[in-house]
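The values are calculated or read from the model by the stated rules, or taken from the named source; none is laboratory data. Keep in mind that what you see is a predicted model, and the values were worked out from it rather than measured. No Cβ is skipped: glycine too gets one built from the backbone with ideal geometry, and neighbour counts run over all protein chains shown. Accessible surface areas use protein heavy atoms only, side chains included; no ligands, DNA or RNA. Shrake-Rupley method; radii C 1.70, N 1.55, O 1.52, S 1.80 Å.
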Amino acid sequence: MIITSDPKEVDQVDTIVNRAEVLDDPPPAYFGTQSSSLRAVDAPLPPIPAAAAPPPVPHAINPTNHLSLSRANGSIKGVYVIDPRIRIPQPMLPSLASDETEATRRHLFLSSTNGGVDVDVWVVGGGDYKGRVKMLAKSFNGGVTIRLHTSDAARPPIHLTATSTNGTVTVHVPHAFRGPLTARTRNGSAQFSAQLTAATTTFNETSGTHRCFVGEFADWADAPGEWLGDEICVETWNGGIKLQYDTEGQGAWEMGVKQKGKGTFIGRLLGL
């Protein structure tokens, strides 16, 4: 079976608005090999640990806003600092996507058709910014890894969407994150680190979709109207999902809890 990408994606022109370096890598193989060591652990979960200090903001990187990086063939790698308070001159702003308006313009957009996304992103900015910091990272043929960090200071809430059609999606969640988390995989499984699992309440799991809340949710049910706090949505068609705190060591999900996935042919082919 051959999956072809949307011609509109392939013909797109790279748009880069940032001073951080973006490196080209060769396109990945269509179906990359994935670790077969993912496993469920039946041992009792540890208590929720005290909040660890987040990684410091890299001062060598100039903060930016409304950053848009699009690649047809090649990966996106880099370290970025997003400050939603920064005003970008109109000629430097990317064209609005079909689902955007000036009022809903994303603060970060990363897209690769044939290549992966592997980035560290810091969200800064005081509580004087009214609104959520909206971010989207996606790939068609490639994995998506985003290590998301926030500072201890007052910050705006974040809304991250990370998706892949053919690849694993890994998200390192800020330790200060509090809000809904939705993980959806068609042919694969979702795995949470032990620390993140201990802080997460799962409301339901249906057809590969996990709807959870990270942190205390008592006041969420009583809040009127739409939720305007933190939120993360993770989705992949053919691949797994891995979630852990950004303050945990690399690969902490390996000792966490593996949520039930689909034992399909494609899933077995991907080693899930």
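For the reader, a short list of remarks on this structure follows.
- Straightening the chain between Arg85 and Tyr129 buys 15.2 nm, computed as 0.36 nm per residue apart minus the Cα-Cα spacing.
- Close amide H pairs (under 5 Å, H built 1.01 Å from N) link Val117 with Ile76, Gly143, Val144, Thr145, residues at least 5 positions away or on another chain.
- Sorting Met135, Met92 by solvent-accessible area of protein heavy atoms yields Met92, Met135, largest first, with a 1.4 Å probe.
- Distance between the 7 Å Cα→Cβ label points at Asn62 and Ala154: 2.8 nm.
- Per-pair calculated FRET efficiency, R0 = 22 Å: Glu226 and Thr201 via Cβ, rounded to 0.05: 0.65
- Accessible surface ranking that places the most exposed of Thr202, Thr247 first, with a 1.4 angstrom probe: Thr202, Thr247
- Taking every protein chain into account, the 1.4 Å probe leaves Trp227 with about 50 Å² of accessible area, to the nearest ten.
- Segment Thr182-Thr104, length gained on full extension (0.36 nm per residue, minus Cα span): 26.0 nm
- Amide hydrogen neighbours beyond the local backbone of Ile158, cut-off 5 Å, H modeled: Val133, Asp230, Glu231
- Estimated at the nearest 10 Å², the accessible area of Cys233 is 40 Å² with a 1.4 Å probe.
- Accessible area of the stretch 61-173 belonging to carbon and sulfur atoms, whole % at 1.4 Å probe: 53 percent
- Loop-located GluC sites (Glu not before Pro) in the stretch 186-238 (DSSP state other than H, G, I, E, B) with a sparse environment of at most 12 neighbouring Cβ atoms within 10 Å: Glu216, Glu226.
- Karplus-derived 3J(HN,Hα), 6.51/-1.76/1.60, for each residue of the stretch 70-78, Hz, glycine and proline x: 10, 9, 7, 9, x, 8, 10, 9, x
- Amide proton proximity set for Ser68, modelled H, under 5 Å, gap of 5+: Val17, Phe109
- Label-to-label distance, nm, for residues given as Ala53 and Cys233 (7 Å Cα→Cβ offset): 3.6 nm
- In sequence order, calculated HN-Hα J values of the stretch 59-67 (Karplus, 6.51, -1.76, 1.60; Hz; x Gly/Pro): 6, 6, 9, 6, x, 9, 8, 6, 6
- Within the assembled protein chains, the solvent-accessible surface assigned to Asp99 is about 100 Å², based on a 1.4 Å probe.
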